[in-house]
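Remarks on the structure that follows.
Derivation of every value follows stated rules applied to the coordinates shown; laboratory data play no part. Just so we're clear, the structure is a prediction, and the values are computed from it rather than from any experiment. Counting neighbours? That spans all protein chains shown, and the Cβs are built from the backbone with ideal geometry, glycine included.
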Amino acid sequence: MKFFIDTANIAQIKEAASYGLLDGVTTNPSLVAKEGMDFRKLLEEILKIVDGPVSAEVVATDYNGIMKEAIDLAKIHKNIVVKIPLIKDGIRAVKDLFEEDIKTNVTLCFSAPQALLAAKAGATYISPFVGRIDDISHNGMELIKQIVQIYKNYNYKTQVLVASIRHPLHLVDAAMIGADVATMPFDVIEKLFKHPLTDIGLEKFLSDWKKLNQK
Ligand code: E4P
């Protein structure tokens, strides 16, 4: 399973990359806006830290605008994946970008029919937002199950990128289902390491070791 970090914060990306397990980065306009930095410069910084797919989202919503932004973004670096919203003009652009060998991540996916459209258009990744579905009292993981099964039935190559992850159990469920990628905020990545029994056990091992050396 691939681990991406869902942030545009350079310090967080550096820290997560230092653990040696980071495969890529996803950003979105809200995350980029938080950093208050020029988008292109920010992407260039990220691309220096992580040698893997970096999702950069278009903000145009019409076909021509999406195509222009997508082509400009893709020119920045071979690792750029253009993130495109799941709307009619977006899906049309995904199909044409596929023909031009430009990688895409179709975002704001909340249903299985939407995921099917993205796969048929040739998206590299589909991003279903599990946390936002849970927020409205529906089951985000049920959607992941449906998409993974549908893609398997028809051997679609589009990778299922589980997004809007809020806690480690989302990651565990996504891994049990067999999703390809999980994109996680920094605080969730940090939580993956933690277990109270690990801390208690380590403290005991080290204090016993100290006793031996004191004898
Ligand atoms: C997906 O790529 C989005 O950037 C992200 O996962 C959205 O998460 P949120 O619902 O926590 O904002």
Six or more apart or on different chains, Cβ under 6 Å: which pairs go from a residue in the range 125-144 that's of a type in the set (Phe, Trp, Tyr) to one that's more than 10 Å from the ligand (Cβ to nearest atom)? Could you list them?
125/159
Determine, yes or no, whether residue 188 is in a helix (DSSP H, G or I), within 13 Å of the ligand (Cβ to nearest atom), surrounded by 17 or more Cβ atoms within 10 Å (Cβ to Cβ) and not acidic (Asp, Glu).
yes
Cβ contacts < 6 Å: first residue among the aromatic types (Phe, Trp, Tyr), restricted to the range 183-206; second residue not in a helix (DSSP H, G or I), any location; separation 6+ or different chain. Result?
186/7
Hand me the list of helices (runs of 4 or more DSSP H) wholly inside the range 61-141 holding 1 or more residues that are more than 16 Å from residue 27 (Cβ to Cβ), within 11 Å of the ligand (Cβ to nearest atom) and not aliphatic (A, V, I, L, M).
130-135
Give just the number: which of (1) touching a strand residue (DSSP E or B) at 6+ places or on another chain (Cβ under 8 Å); (2) closer than 27 Å to residue 76 by Cα does residue 170 not satisfy?
(2)
Restricting the range 164-182 to residues that are under 11 Å from residue 144 (Cα atoms) and part of a loop (DSSP other than H, G, I, E, B), the one farthest from the ligand (Cβ to nearest atom) turns out to be 178
Please verify whether residue 158 is away from the ligand (no atom under 14 Å from the Cβ), surrounded by 17 or more Cβ atoms within 10 Å (Cβ to Cβ), closer than 30 Å to residue 77 by Cα and under 16 Å from the mean Cα position of the chain (by Cα), treating the condition exactly as stated.
yes
Any residue in the range 100-117 that is hydroxyl-bearing (Ser, Thr, Tyr) sitting within a Cβ distance under 6 Å of a residue that is within 16 Å of the ligand (Cβ to nearest atom)? List the pairs, counting only those 6 or more apart or interchain.
104/82; 104/84; 104/94; 104/123; 104/124; 107/83; 107/85; 107/127
Residue ID - nearest to the chain's Cα centre (by Cα), chosen from residues in the range 124-147 that are surrounded by 22 or more Cβ atoms within 10 Å (Cβ to Cβ), within 19 Å of residue 6 (Cα to Cα) and of a type in the set (A, V, I, L, M, F, W, C):
126
